[in-house]
Structure formats: structure tokens, C-alpha cells
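Chemist: Dumping the structure here so I can ask a few things about it.
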Amino acid sequence: MKDGIKIVTIGGGSSYTPELMEGFIKRYQELPIREIWLVDVEDGQEKLEIDAKLSQRMWEAAGYDVTIHTSLDRRTALKDADFVTTQFRVGFLEARIKDERIPLSYGMLGQETNGAGGIFKALRTIPVMLDIVKDMKELCPNAWLINFTNPSGMVTEAVIKYGKWQRCIGLCNVPLIAMMKEPTAIGYERDELIYQFVGLNHFHWHKVFDKRGNELTAKIIDAMLDGKDVGLPANINNVPFFKEQIQQMQMLPCGYHRYYYRQEEMVKYSIEEWNGIGTRGQQVKETEENLFRQYQDPTLDHKPKELGKRGGAYYSDAACECINAIYNNKNIPMVVSTQNNGAIPELPKDAVVEVSCIISGKGATPLSWGKLPSAQRGWLQCMKAMEECTIEAAISGNYGLLMEAFALNPLIPMGESAKSVLDELLIAHKKYLPQFHEKISDLASQNITIKDPVINELIKNEH
């Protein structure tokens, strides 16, 4: 690579941008960054400029000569980039609120990356990401794409399998949070433990060992069941797992497994929020408004503590360390989304999985887990089939295939209500789903309407 690194962040107006800057500043001695470009769409320009000014103040306070550029034209920004990071949300938080509230109005889980909402986030995001890849092939063919855009696993699979872009790694902060919190819960330091993860993005399990190979998984399970903090993300309600189930599997499920293992309670809690203080997306919108008010303070030159209230806390330690490991060929262990290549023998070789990997100059090399127990094997095969149908539907606009994805998803009880959720979400996201234009027009001719008045008001304000 040439002297000095060029970083491009698509979704530069995100509230996470200051955390990303903090991560790069912390690693500047290893990552000699020359310039950073923050890119967003026109509707996100105000937040983009706020982020850029705060980012520049952070770099100046750190004493490093790095220039922050902004652009609404990603092609201008991408030219000769070394690393491209993606952290955008198609449709902004209003789209997330639709994904949450419409399923909940039918008594189903409404969540950002799980259930019907997660499927629709993929439908909106994958075509945009594939367009970004087309531009990268032309403008920065040697760049690495480090994706944090959710649903990270499906987006990464679309980029690698359909975009034919192998230099792509998907990231998530959930494994990182677990590895930061769990050691303390059992009286260890992080560097005294060895972790191994297996599964899919937001649907993985892990085991833990000490440096002599003694397994400590059961000890952490006991700590979790005793109510100790073992790294539950801020956006997930802490419904306890069933003791006998977790002790039997002898693997630590990620926080998102609560939506599957305790579905009844999680849906009930989400409906209470929907009827009361608002869904997680509505709560995050308030948090973001407060954050951006702070970001505008001309004396602020560091990441505010309040950013930790967002569900993606510690993102920078994943994204920046991954870039660092690639640039410096560090050969370090990380948990990322990458092609399976035999790490999970029960899934296709080209499926994208989230597993422990070694990160080096050639990217992510997955570590083999070996044969899975029946329950975990069955879950993963079902969830991967759902992801594959969702990705294909996102690219093709095939309504029947989208129904197949719904039918496969364990959080969607398939029937007339599920079809109503599907149709209402299509109508609500019309602006961002051009591949489904024909079907959405057909639904409009049938006078299909959205029953949640909050969503109708959101759509009205869009126009």
C-alpha cells in the first residue's frame, strides 16, 4: 500500500462515527491514516457535517495531521481508497421504527435484525451494498470492505457471493461485548481466556477456555444464571434463559437467542414497549437527537459517554482492529462474518458464517468448530436457509421467495397475519424497495392499508 491510508466511511453521518474516530486515533501509530472521507446521502447531510466537524476536532486534539473530508457523492470519495467501512441505515431510524411497529401490531416480534423486521432491513440494504461494490470494482479495486451495516451476515454474504467481492469482512460488536464482560464475571482478565465462536451473525454460541486448555464455559454459564453481567447488548431485554436448557447445551448463546429461546416473553415485553414508551427504534431516535446536540458543542473533542447507550457500543474496537490486523498482517484472533470454508461442516462452503477467525493480510481465515449438536445444527440450517431466501429475494424482488423466507423464520407464525405484516411492510418501505415495485402497485390496487396510526403518520411526513 502507498504511504498513508485512505479510509472511506459510507454512512458517515451515523452517531457511531465518533467512536470510529476514537478507534483510529488509538491505533494511529500502527495505522498511518492520511485522509478520511465521510459519505452520506442528501437527507443525512446535516448529521454528516456535524460528525465531520467533531471528528476533525478529535484528530486535532490528538495531535495528528489527518484531514476529514465529506461528500454526498460516494464515487468521488471511493477513488483510490484502501479501506471502505459501511455503517449506513437505508431509510434512517424511521425505517427501523416501521420494521418494529408493523409486526408488533399483529402480535409478532418487531426487531431490527430478527424476524420480519430483520428480513426487511436486508431487502432495503443489499441492493444498495451491491451498488457500492460495483463502484469499488471500478474506483478502488484493491480496497477492503469492512461491513458493520446490519443484518451484517446477510449483507456480507450478498457482497461476497453475488457481488463477487472477496475482500469483504462482516463485523458485529456482540462477540466483543461478551469477551469484554465475561472474564470479570468469573475473576479473570481478558488475555487469560481463549474464546471460540460458532454460528451466524446475531445467532451464535461460544465456548471459553483458559490458557492451559481447561474449559470454563460452565463457570460462565453459572455466572450468567446467577445474574452477573456477561455482556448483554444494551438493546436486548434481559429475560433469563432456562437453566436446564443452557446447562444441557454447554455452550453460551448470544444475547439475541433470547428472541428464540424465550420468544413468548420477549414478544410480550416488546408489545408493552410498543404500547407505552415506544419501540427500541423510537427510544434510539431520542438518544441520537441528544447525542447530535452534544456533537455540535464546539468545545467537544472526544466521544461522549452517552454513545455507550447505543446497541452498537465498542464498534470501533472491532472495525479498527480488523483494519489494523489486515494492514499490519497481525495474525490475531477475531470473531467476524466470512465464508464458511468448512468451519461449520453442516453448512455450505460458500455460506457466510460468524466464527472465530485469524485476521491477517489476506483477510479472515475461519477456525474449524467441528460437528455441532443436533439442536444447534438444526437451528443453523434453518436460519441459513432463511437468510439465503432473503438475499435472493432482495436481489430479484421475488414475492413468492420472500414468503418462503417468512415461512422459514422461527419468529414469524406463518398465516394470514404474517402475510398482512409482509404486505404492510412492502407498502411502508415503498421508497426503498424498487425491486418490488410491481407487487407494491398490485397491493395498492387492492387497497391494502397499514393499521398502525404511528406508521401512517411517519409515511405522511415523508411526503
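Chemist: What is the distance in Å between the Cα centres of the stretch 139-173 and the stretch 391-440?
Modeler: A separation of 23 Å, based on Cα centres.
Chemist: Charges at C-beta only: +1 for Lys and Arg, -1 for Asp and Glu. How large is the resulting dipole of the chain about its Cα centre, in Debye rounded to 20?
Modeler: Charge dipole, the chain, about its Cα centre: 780 debye, nearest 20.
Chemist: Now a separate question. Calculate one ³J(HN,Hα) per residue across the stretch 399-414 by plugging θ = phi - 60° into the Karplus curve 6.51 cos²θ - 1.76 cosθ + 1.60, and present them in order as whole Hz with x for glycine and proline.
Modeler: 5, x, 5, 5, 5, 4, 4, 4, 5, 7, 6, x, 9, 10, x, 6
Chemist: Between rounded, prolate and oblate, where does the stretch 390-457 land on the alpha carbon gyration tensor, with a ≥ b ≥ c its root eigenvalues, rounded for a/c under 1.5, else prolate if a/b exceeds b/c?
Modeler: Oblate is the answer for the stretch 390-457, as a/c is 1.5 or above yet b/c matches or exceeds a/b.
Chemist: Given H placed 1.01 Å from N in the peptide plane, which residues other than close sequence neighbours of THR149 have an amide H under 5 Å from its amide H?
Modeler: THR86, PHE88
Chemist: Using each residue's phi in the stretch 266-277, evaluate 6.51 cos²θ - 1.76 cosθ + 1.60 at θ = phi - 60° and report the 3J(HN,Hα) Karplus result to the nearest Hz, with x for Gly and Pro.
Modeler: 5, 5, 4, 4, 5, 5, 4, 5, 4, 7, x, 6
Chemist: For the stretch 246-306, what class follows from the C-alpha gyration tensor (a ≥ b ≥ c being the square roots of its eigenvalues): rounded when a/c is under 1.5, otherwise prolate if a/b is larger than b/c, else oblate?
Modeler: oblate
Chemist: Right, here's the next one. Assign one of three labels to the chain, namely rounded, prolate or oblate, based on the Cα gyration tensor with a ≥ b ≥ c the square roots of its eigenvalues; rounded applies when a/c is under 1.5, prolate when it is not and a/b is larger than b/c, and oblate otherwise.
Modeler: Rounded shape, in that the Cα axes give a/c under 1.5.
Chemist: Would you mind calculating the gained length between SER441 and LYS164 on full extension (0.36 nm times residue separation, minus the Cα-Cα distance), in nm to one decimal?
Modeler: So the chain would gain 96.5 nm between SER441 and LYS164.
Chemist: Can you give the helix-only mean residue ellipticity at 222 nm for the chain, where every DSSP H stretch with n ≥ 4 adds -39500 (n - 2.57) and the sum goes over all residues, rounded to the nearest 500 deg cm²/dmol?
Modeler: Here the helix-only value at 222 nm equals -14500 deg cm²/dmol.
Chemist: Continuing with this model, one more query. For the chain, give the share of DSSP beta bridges that are antiparallel, in percent and rounded to the nearest 5; count only bridges with both residues there.
Modeler: Here the share of antiparallel DSSP bridges comes out near 50 percent.
Chemist: Explain nothing, just compute: Karplus ³J(HN,Hα) = 6.51 cos²θ - 1.76 cosθ + 1.60, θ = phi - 60°, for every residue of the stretch 172-178 in order, whole Hz, x for Gly and Pro.
Modeler: Ordered by residue, 3J(HN,Hα) equals 8, 8, 4, x, 4, 4, 4 Hz.
Chemist: Along the charge dipole of the chain, pointing to its positive end and built from +1/-1 on Cβ of Lys, Arg, Asp and Glu, which listed residue (THR113, LEU367, ALA178) has its Cα farthest out?
Modeler: Result: LEU367.
Chemist: Another question, if that's okay. State to the nearest 20 debye the size of the charge dipole of the stretch 328-437 about its Cα centre, where the only charges are +1 on K and R beta carbons and -1 on D and E beta carbons.
Modeler: Charge dipole of the stretch 328-437: 440 debye, to the nearest 20.
Chemist: Cα-Cα over 22 Å: which of LYS164/LYS430; LYS207/LYS330; LYS285/LYS305; LYS98/LYS430?
Modeler: Distance filter (> 22 Å) returns LYS164/LYS430; LYS207/LYS330.
Chemist: Taking only C-alpha pairs under 8 Å that are 6+ residues apart, what is the relative contact order of the chain in percent?
Modeler: 18 percent
Chemist: Something else: With unit charges on the beta carbon (Lys/Arg positive, Asp/Glu negative), name the residue among SER441, MET224, ILE271 whose Cα is farthest towards the positive pole of the charge dipole of the chain.
Modeler: Going by the charge dipole, the pick is MET224.
Chemist: Turning to a different aspect of this structure: Roughly how many Å is it from the Cα centre of the stretch 59-134 to that of the stretch 351-390, as a whole number?
Modeler: Distance between centres, Cα-based: 23 Å.
Chemist: Report for the stretch 144-258 the percent antiparallel among DSSP-assigned beta bridges with both residues inside it, nearest 5.
Modeler: Counting only bridges with both partners in the stretch 144-258, antiparallel ones make up about 80 percent.
Chemist: Right, here's the next one. Can you give the charge dipole size of the stretch 420-463 about its Cα centre, rounded to the nearest 20 debye, using +1 on the beta carbon of Lys and Arg and -1 on the beta carbon of Asp and Glu?
Modeler: My answer is approximately 80 debye.
Values in this text are rule-based calculations from the coordinates and carry no lab data. Just so you know, these numbers come straight off a predicted model, no measurement behind them. Quick reminder, even Gly has a Cβ in these numbers, built from the backbone with ideal geometry, and neighbours come from all protein chains shown.
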